[in-house]
Amino acid sequence: PNNSGRLIGKRIPIDRWAEIQNDGMLMPNFHLVTGIENKAQANMAVAGYATGFKNGILRPADKQLRPLPFEEGSALSMADVFDSDGSIVPEAPRTILNHQIERLNQIGLFAKCATELEFYLYRNSYRDAYSEGYKTLEPFYHLHGDNDILVSGFAENFLSHLRKSMQDTGIPVYATQGEGAP
């Protein structure tokens with residue numbers, strides 16, 4: 001993940017997996033200095049105009065491929081970011097996380113977290129929403145439902161697929177519900 005939480009990487013054929021595990025994969029460090037709009041911040045130490053947006057190396061964080069049930073024939077591997085000289089990149093989000101976990105372990109603590117993924121469902125396509133400046137978004141249901149099970153039931157085809165895909169990917173799901181606020 002980059003500093004905005006977007007999954008950044010490359011798609012490779014499975015017959016290259018052993019090579020990637022052994023040698024890593026070249027990847028521009030550009031992704032370490034971009035925001036959600038994918039525009040680079042100028043002149044950062046890790047990458048930027050001063051460094052020529054050099055390549056780093058992604059190395060799989062573990063040997064396990066995680067099948068993606070929502071994209072048949074695909075799998076995901078998280079990776080750590082290294083400089084071309086082989087040293088770990090301290091600014092990379094996974095490096096920062098691992099450093100904080102080590103600090104906790106040193107004082108006898110451990111980290112545990114959960115996410116609350118919030119989103120809205122609209123009937124508009126991505127293309128239409130973008131072309132209209134996101135000003136004419138049509139909600140999936142005509143009334144605001146908050147935790148109303150009847151209203152969220154109208155989104156159940158999507159939500160059941162989402163829950164199953166997350167569970168099949170190894171991400172436990174506590175619940176899905178409607179939201180009560182912007």
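Rounded to the nearest 10 degrees, what's the angle between the helix 93-106 long axis and the longest principal axis of the chain, both from Cα atoms, 0 to 90? Tilt relative to the chain: about 80 degrees. Note on the chain: GNM, Cα springs under 10 Å; of Pro67, Pro13, Pro93, the largest mean-square fluctuation is that of Pro13. Ligands, DNA and RNA aside, Arg123 has an accessible area near 150 Å² when probed at 1.4 Å. With loop membership from DSSP and a limit of 11 other Cβ atoms within 10 Å, the longest segment of the chain without chymotrypsin sites (Phe, Trp or Tyr not before Pro) is 50-109. Excluding the site residues themselves, the longest part of the chain lacking any GluC sites (Glu not before Pro) in a DSSP loop with at most 11 other Cβ atoms within 10 Å is 133-182.
Would you list, by chain and number, the lysines whose Cα falls below 25 Å from the Cα of Lys63, excluding same-chain residues fewer than 8 positions away? Candidates past the 8-residue exclusion: Lys10, Lys112, Lys164. For segment 44-182, the dipole from Cβ point charges (+1 on Lys and Arg, -1 on Asp and Glu) about the Cα centre works out to 360 debye, to the nearest 20. Under a model in which nothing but the beta-carbon of Lys, Arg (+1) and Asp, Glu (-1) is charged, segment 130-182 shows a dipole of about 140 debye around its Cα centre. Between Asp23, Asp85, Asp128, the residue with the greatest mean-square fluctuation in the GNM of the chain (Cα pairs under 10 Å linked by springs) is Asp128. What is the percent of Cα-Cα separations in segment 94-141 that go past 18 Å? Value for segment 94-141: 58 percent of Cα pairs lie more than 18 Å apart. Charge dipole (Cα centre; +1 on Lys/Arg Cβ, -1 on Asp/Glu Cβ; no other charges) of segment 41-89 amounts to roughly 60 debye. For the chain, the equivalent ellipsoid built from the Cα gyration tensor has semi-axes of 35, 22, 19 Å, listed from largest to smallest.
Taking Cβ atoms as reference points and 15 Å as the exclusive limit, the residues near Lys63 contribute a net charge of -1, counting Lys and Arg as +1 and Asp and Glu as -1. Pairs of alpha carbons in segment 112-176 separated by more than 15 Å make up 62% of all such pairs. Helix 156-168 and the longest principal axis of the C-alpha atoms of the chain enclose an angle of approximately 30°.
The values are calculated or read from the model by the stated rules, or taken from the named source; none is laboratory data. Predicted model only: the values in this text are computed from it and were never measured. No Cβ is skipped: glycine too gets one built from the backbone with ideal geometry, and neighbour counts run over all protein chains shown. Note: accessible area is taken over every heavy atom of the protein model, side chains too, but ligands, DNA and RNA are not part of it. Shrake-Rupley method; radii C 1.70, N 1.55, O 1.52, S 1.80 Å.
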